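Enquirer: The structure follows.
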Amino acid sequence: MLYSEKVMDHFSSPRNVGEIADADGIGEVGNAKCGDIMKMYIKVENNIITDVKFKTFGCGSAIATSSIATEMIKGKPIEEALTLTNRAVVEALDGLPAHKIHCSVLAEEAVKAAVKDYYDRNGIAYDPKDFPCGCAECHLDH
């Protein structure tokens, strides 16, 4: 079996798809090699992510990882969203094929980019090491 039931479920019935017009933070990341683009929108009240939506242009794994990532951070404190790892995303989906792991990395980076945007908009200090570089070519902090 190439994909788990959870991957197929989140691909065929993704959760939290769409945009938030008055989002408090928006993160957009992409991978130039595979062409996947993820855009994540968060709404924050009293430091809690009260709503999260995503728009993903990409393969089924990219859509599934975006969908599960939104479910994993919704209702959580914003600092907790920063602890979301691509490994946790893969585990929540009961695994991904090795050549699709990069999709889970994009999901992690999209969440972090949205949090960073929220921090920037609100003048909240943060450690730059907590965030990916944002370049489309790699997933390295540099």
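Throughout, read-outs are computed from the coordinates displayed, never taken from laboratory work. Since the model is a prediction, treat every value here as computed from it, not as a measurement. We place every Cβ from the backbone using ideal geometry, glycine too, and count neighbours over all the protein chains shown.
Enquirer: Kindly provide log₁₀ I(q)/I(0) values, in the same order as q = 0.14, 0.23 Å⁻¹, from the Debye equation applied to equal alpha-carbon scatterers of segment 28-82.
Expert: -0.38, -0.84
Enquirer: Something else: Work out the FRET efficiency for residue 127 and residue 17 from their Cβ-Cβ distance, taking R0 = 35 Å, and round it to the nearest 0.05. Write down the numbers at each step before the final one.
Expert: Details: r = 31 Å, r/R0 = 0.89.
The calculated FRET efficiency here is 0.65.
Enquirer: Would you mind giving the average projected area, over all directions, of the Cα convex hull of the chain in nm² with one decimal? Before the final figure, lay out each step's value.
Expert: On the way: hull surface 31.4 nm².
For the chain, the mean projected area of the Cα convex hull comes to 7.8 nm².
Enquirer: Sort out for me the Cα centre separation of segment 1-15 from segment 46-116, rounded to whole Å.
Expert: When both Cα centres are located, 14 Å separates them.
Enquirer: Apply the Karplus parameterisation 6.51 cos²θ - 1.76 cosθ + 1.60, with θ equal to phi minus 60°, to every residue of segment 52-69 and state each ³J(HN,Hα) to the nearest whole Hz, in sequence, with x for glycine and proline.
Expert: 8, 9, 9, 10, 10, 9, x, 6, x, 5, 5, 5, 4, 5, 4, 4, 5, 4
Enquirer: Considering the chain as a Gaussian network with a 10 Å cut-off on Cα pairs, which listed residue, 80, 108, 28, attains the greatest mean-square fluctuation?
Expert: In this elastic network of the chain, the residue with the biggest mean-square fluctuation among 80, 108, 28 is 80.
Enquirer: Which cross-chain or sequence-distant (5 or more) residues have an amide H under 5 Å from the amide H of residue 49, H modelled 1.01 Å from N in plane?
Expert: Amide H neighbours of residue 49, under 5 Å, 5+ apart: 75, 76, 78.
Enquirer: Taking 0.36 nm per residue of sequence separation and subtracting the Cα-Cα distance, how much length would be gained by fully extending the chain between residue 94 and residue 28, in nm to one decimal?
Expert: On the way: separation 66, 0.36 × 66 = 23.76 nm, distance 2.53 nm.
That pair, residue 94 and residue 28, stretches by 21.2 nm at full extension.
Enquirer: Let me ask another. Amide H to amide H under 5 Å from residue 24: which residues, 5+ apart in sequence or cross-chain, H placed 1.01 Å off N in plane?
Expert: 42, 43, 44
Enquirer: A further question on this structure: Using a 10 angstrom cutoff on alpha carbons, build the Gaussian network for the chain and name the most mobile of 48, 124, 68.
Expert: Most flexible of the set in this elastic network: 124.
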